[in-house]
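> The structure that follows is given in the form of structure tokens.
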Amino acid sequence: MKILKTEDLKKYYGNKENEVHALNGVNFYVEEGEFVSIVGTSGSGKSTLLHMLGGLDRPTSGKVFVDGKDIFSLKDEALTIFRRRKIGFVFQSYNLVPVLNVYENIVLPIELDGNKVDKAYVNELIEILGIGEKLQNLPGHLSGGQQQRVAIARALAAKPAIVLADEPTGNLDSRTSQDVLGLLKVTGEKFGQTIVMITHNPDLAQLADRIVRIEDGKIVNRKECEANA
Ligand code: ADP
Ligand code: ADP
């Protein structure tokens, strides 16, 4: 089943005189349980695509289906609820709340939504991610790699079907990046989550089941690239 699918997705920024075509008709899909990397040069439209997949911003035209649901047919409030239920986000910056300890950060989104924490599941995440010793610490006392592992635990804590990660290891050294993404992959496989990750790093992209390339706001596949080369 295709858990994510876009239909001729277009996103233009700016006004008529100064229009940026960030997405030029993207037809993209991800199978349930897949780990897909999106690669492409800076400005090719990767972040814009990820924002659309996650319903963070509305397209100029075209559709996004998440689990079969045409998400932009939803009004803003319903879209927010749908997004919170289905999708976990990981960004380059960890965005942890500095005055809350690690455990409080991990469960905060669940509690803000008024939901009950599945303690057994969250403890399993904490164990896999290797942050059990740090639960009482404030984020400021952790290394970058540890903070990103906390951010991943937070993104996964509400059991999202889909995890969207935008340059999740952009602030980490290459060894730590491999480790952190390895853990993201392990949790994804263990809990059946679908992962879509943006990276400009080809070594990290290799960790995925599949690599999709975007250029000038369009998906290009290798055959087309070779034909044009
Ligand atoms: P990438 O993630 O591949 O670096 P982006 O999706 O961030 O690419 O950007 C694609 C294009 O859209 C770029 O030309 C960028 O400058 C432009 N863009 C992105 N966000 C905005 C915005 N909020 N307003 C105007 N232009 C934007
Ligand atoms: P192949 O010809 O072996 O499928 P390609 O170079 O054409 O390889 O594509 C690279 C990868 O990107 C493939 O795994 C392919 O399935 C995937 N891919 C190509 N187009 C899309 C798309 N529109 N949406 C999602 N994945 C795509």
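The values are calculated or read from the model by the stated rules, or taken from the named source; none is laboratory data. Only a predicted model underlies this, so the values are computations on that prediction, with no experimental measurement involved. Cβ sites come from the backbone with ideal geometry, for glycine too, and all protein chains shown count toward neighbours. Accessible surface is based on the protein model in full, side chains and every heavy atom, while ligands, DNA and RNA are left aside. Shrake-Rupley method; radii C 1.70, N 1.55, O 1.52, S 1.80 Å.
> Taking a quarter of the surface of the Cα convex hull of the stretch 70-205, what do you get in nm²?
Mean projected area for the stretch 70-205: 8.6 nm², to one decimal.
> Positive end of the charge dipole of the chain (Lys, Arg +1 and Asp, Glu -1 on Cβ, about the Cα centre): tell me which of G192, N115, A165 has its Cα farthest that way.
So the residue furthest toward the plus end is N115.
> Going highest first, how would you order 168-174, 44-50, 116-122, 158-164 by mean Cβ packing within 10 Å?
Answer by packing, highest mean first, reads 44-50, 158-164, 168-174, 116-122.
> Counting only protein chains, not ligands or nucleic acids, how are T194, T176 ordered by accessible area (probe 1.4 Å), most first?
T176, T194
> Using unit Cβ charges (K, R positive; D, E negative) and no other charged atoms, how large, in debye to the nearest 20, is the dipole of the stretch 1-84 about its Cα centre?
Using only the charged Cβ atoms, the result is roughly 120 debye.
> If r is the Cβ-Cβ distance from D173 to K2 and R0 is 25 Å, what FRET efficiency results, to the nearest 0.05?
0.10
> Going by the alpha-carbon gyration tensor, a ≥ b ≥ c the square roots of its eigenvalues, is the stretch 135-196 rounded (a/c under 1.5) or, if a/c is not under 1.5, prolate (a/b greater than b/c) versus oblate?
It is oblate, given that a/c is not under 1.5 and a/b is not larger than b/c.
> Across all directions of projection, what mean area in square nanometres is found for the Cα convex hull of the stretch 30-129?
Hull-based average projected area comes out at 8.6 nm².
> So, one more: Taking the Cα centre as origin and putting +1 on Lys and Arg beta-carbons and -1 on Asp and Glu beta-carbons, what dipole magnitude results for the chain, to the nearest 20 debye?
Numbers: 28 positive and 30 negative charges, 70 e Å.
In debye, rounded to 20, the chain gives about 340.
> Under the definition of Cα pairs under 8 Å and six or more residues apart, what whole-number percent is the relative contact order of the chain? Intermediate values should be presented prior to the final figure.
Numbers: 411 pairs, mean separation 69.0, N = 229.
Averaging sequence separation for qualifying contacts and normalising by length gives 30 percent for the chain.
> Please report the accessible area of K134 (heavy atoms, 1.4 Å probe, ligands and nucleic acids excluded) in Å², nearest 10.
K134 has an accessible surface of roughly 60 Å² with all protein chains in place.
> Looking at this model, which pairs from K11/K116; K46/K119; K69/K218; K5/K75; K75/K134; K46/K116 are more than 31 angstrom apart at the alpha-carbon?
In this structure, K11/K116; K46/K119; K75/K134; K46/K116 exceed 31 Å between Cα atoms.
> Let me ask something else about it. Rank T176, L156, I131 by how far each Cα sits towards the positive end of the charge dipole of the stretch 121-229 (+1 on Lys, Arg Cβ; -1 on Asp, Glu Cβ) and give me just the farthest.
Towards the positive end, the residue furthest out is L156.
> Sticking with this one: How many angstrom lie between the C-alpha centres of the stretch 112-158 and the stretch 173-209?
With the stretch 112-158 and the stretch 173-209 each reduced to a Cα centre, they are spaced 17 Å.
> Another question about this same structure. Could you give the radius of gyration (one decimal) and Dmax (whole number) of the Cα atoms in the chain, in Å?
Just the Cα atoms of the chain yield Rg and Dmax of 17.8, 55 Å.
> At 222 nm, what value in deg cm²/dmol follows for the chain if DSSP H runs of at least 4 each add -39500 (n - 2.57) and the sum is divided by all its residues, to the nearest 500?
Value at 222 nm, helices only: -11000 deg cm²/dmol.
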